[in-house]
Every structure is written in structure tokens, then in C-alpha cells.
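For reference, the structure discussed in these notes is given below.
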Amino acid sequence: MPVSNTSLIERIARVIAGRVVSVNADGDDPSAGNRVDEIWRDYRDDAVSILKTLREPDPAMAAAGDLDTWQRMIEAALGETGEGGTGNVTGGGFAA
């Protein structure tokens, strides 16, 4: 599996920014790449919120893989922002 050199937070924030400004989504810019480069940081908090939501997988996600690995991956992504380290895996599920 390829591994990105860009943080997950940045990639999510760029997708959100692109949806806002690109004509291919909700925006009006026919060539939004440069604009996304300028504004993606404005959507960083939105990206962090999305990752915090993903801390707890839904039943289909939980059935598909290892919950300990899932949590470590999400917490690692959040740790890059200083936001990680608040969830615990216990008994195969997530504890608040």
C-alpha cells in the first residue's frame, strides 16, 4: 500500500478546501489548485474534527479490521496536531 508524504490532517483539509472553491464541487474556480494551496490551513480544524469522529468505528468498520490498529492510526494522525491520546481501546471496543 502506498504511504503518503503529506499528513492526513492536511490531506483532509485540502479536500474540504477544494470542495469549497472548485467548480468541480461547490465553488466557482475552474482551476482551484493554487487557491487550495493558499487556504487549506483554514480547514485544518474541520479535518481534526473529522478525525476525532473516526476514533470510534461503526459496526461495519469494526468487523473489517483490528480495532487496536485502527485507534493507533487515528491517534497517530491526531498526535501530529497535539490532539491525540484521549481514546482507549478496551475489550474490543472503544471507551470514552
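Condition check: under 19 Å from Ser7 (Cβ atoms), of a type outside the set (Phe, Trp, Tyr) and more than 19 Å from the chain's Cα centre (by Cα). Does Gly33 satisfy that? Yes. In segment 1-88, counting only helices (runs of 4 or more DSSP H) that sit wholly within it, the ones holding 1 or more residues that are in contact (Cβ under 8 Å) with a residue 60 or more places away in the chain span 8-21, 67-79.
None of the figures in this text is laboratory data; all of them are computed from the coordinates on show. All figures in this text were calculated on a predicted structure; none of them were measured in a lab. Cβ atoms come from the backbone with ideal geometry, glycine included; neighbour counts cover every protein chain shown.
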